[in-house]
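Some notes on the structure that comes next.
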Amino acid sequence: MALTYPWMKPPIEQRFPRPSVMGVVNVTPDSFSDGGVNLDPEVAAESARRMRDEGAAIVDVGGESTRPGAEPVSVDEELRRVVPVLERLQGEVPVSIDTSKAEVARRALGLGAEVVNDVTALRSDPDLAAVVAEQDAYLCLMHMLGEPRTMQRDPRYGDVVAEVKAFLEERLAAAVAAGITEERICLDPGIGFGKTVEHNFELIRRLDELAALGRPVVVGFSRKSSLGKLLGDPDATTGTTAASVGAAVAAYERGATILRVHDVREHVEALTAAAAALR
Ligand code: HH2
């Protein structure tokens, strides 16, 4: 059963101590690295259970791809994809719902999801903030420049870290003003969401500046194309597991709390060793 009393629910940094791994299960035909793999709800649920067994603190279930160029999906289609998976995981695997839609979040929280992961940081559905506030859910606010359909067309910043930080600070204040408890909220620079390879690595290099906002930082560099490009393929659409692990460990060292990843076992092992070494 979901915890609904504020005095029973720990702050997000206690619920997900540093470093915690968030496994990714995309129930979509078109996600950039695992599209089509988990379309069958039983296969998706099995992927989530395996991630839990491999050490994921939570599994992020998504029914809409936000890869560069992706087209939005309807509420009905998103519900059709994720609800059968959430029903199977209820009471078994801690779940985060990767959605920007209030109705999807509401159904997911009713089925036991703990976190709402909104890549639009409460900018796309005016009803989402109230759903999170009413359910006293944990919330991830992510930075994105533009929208998935067009965001990778020549993204530009004066100072990418300063601009992402100002955005996250403003969205955090907006969420709190909408009635969401600050200690439920974590922040994410949105690796690959309207950013070049250099922007993405600068955000990791200077992640301490984002952590200085005082909220736990989530980083999702896993398998993203910047890793493939860094390794020499200018047309890469994905990156390797090894490169993902390297980026995750660097992000952890610079202050990340939650690492959102596809390859859970490798990340848990690497982060366990990194945490022992850096303690
Ligand atoms: N990245 C993706 C989706 N959701 N959420 C957060 N908080 N941070 C991220 O970096 C992030 C995210 C994109 O990755 P993926 O889910 O694997 O692909 P797709 O959007 O194509 O389904």
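Structural remarks
- Residues that are surrounded by fewer than 16 Cβ atoms within 10 Å (Cβ to Cβ), outside any helix (DSSP H, G or I) and among the polar types (S, T, N, Q) occur in segment 3-11; there is at least one.
- Residues of segment 250-279 classified as in contact with a Leu (Cβ under 7 Å, 6 or more places away or on another chain), buried (at least 21 other Cβ atoms within 10 Å of the Cβ) and in a helix (DSSP H, G or I), total: 4
- Top-ranked residue in segment 61-71 [being surrounded by 16 or more Cβ atoms within 10 Å (Cβ to Cβ) and not hydroxyl-bearing (Ser, Thr, Tyr); ranked as modelled with the lowest pLDDT]: PRO68
- Positions within segment 39-61 being within 13 Å of the ligand (Cβ to nearest atom), touching a residue at least 40 places away in the same chain (Cβ under 8 Å) and not aliphatic (A, V, I, L, M), in sequence order: ASP60
- Among (1) within 14 Å of the ligand (Cβ to nearest atom); (2) over 19 Å from the mean Cα position of the chain (by Cα), the one test that ARG149 misses: (2)
- Residue in segment 192-215 that is surrounded by 24 or more Cβ atoms within 10 Å (Cβ to Cβ) and touching a Gly at 6+ places or on another chain (Cβ under 7 Å) present: yes
- Residues of segment 126-146 that are crowded, with 16+ Cβ neighbours inside 10 Å and within 16 Å of the ligand (Cβ to nearest atom): LEU128, VAL132, ALA137, TYR138, LEU139, CYS140, LEU141, MET142, HIS143, MET144, LEU145.
- Filter result for the condition that a residue is touching a residue at least 24 places away in the same chain (Cβ under 8 Å), within 13 Å of the ligand (Cβ to nearest atom), outside any loop (DSSP other than H, G, I, E, B) and of a type in the set (Val, Ile, Thr), over VAL104, VAL116: VAL116
- Selection status of VAL73, in contact with a strand residue (DSSP E or B) (Cβ under 6 Å, 6 or more places away or on another chain), aliphatic (A, V, I, L, M) and either within 16 Å of the ligand (Cβ to nearest atom) or within 18 Å of VAL116 (Cα to Cα) (or both): no
- Residue match in segment 17-26 (condition: within 23 Å of ARG107 (Cβ to Cβ), in contact with a strand residue (DSSP E or B) (Cβ under 7 Å, 6 or more places away or on another chain) and modelled with pLDDT under 95): no
- Residue match in segment 203-219 (condition: in contact with a Pro (Cβ under 9 Å, 6 or more places away or on another chain) and away from the ligand (no atom under 16 Å from the Cβ)): no
- Looking across segment 76-101, the residues that are within 16 Å of the ligand (Cβ to nearest atom), in a loop (DSSP other than H, G, I, E, B) and free of Cβ contacts under 8 Å to residues at least 40 places away in the same chain come down to THR99, SER100, LYS101.
- Matching residues, segment 19-74, being over 18 Å from the mean Cα position of the chain (by Cα) and under 18 Å from SER222 (Cα atoms): GLY36, VAL37, ARG50, GLU54
The values are calculated or read from the model by the stated rules, or taken from the named source; none is laboratory data. None of the values given here were measured: they were computed from a predicted structure. Cβ: placed from backbone, ideal geometry, glycine included. Neighbour counts: every protein chain shown.
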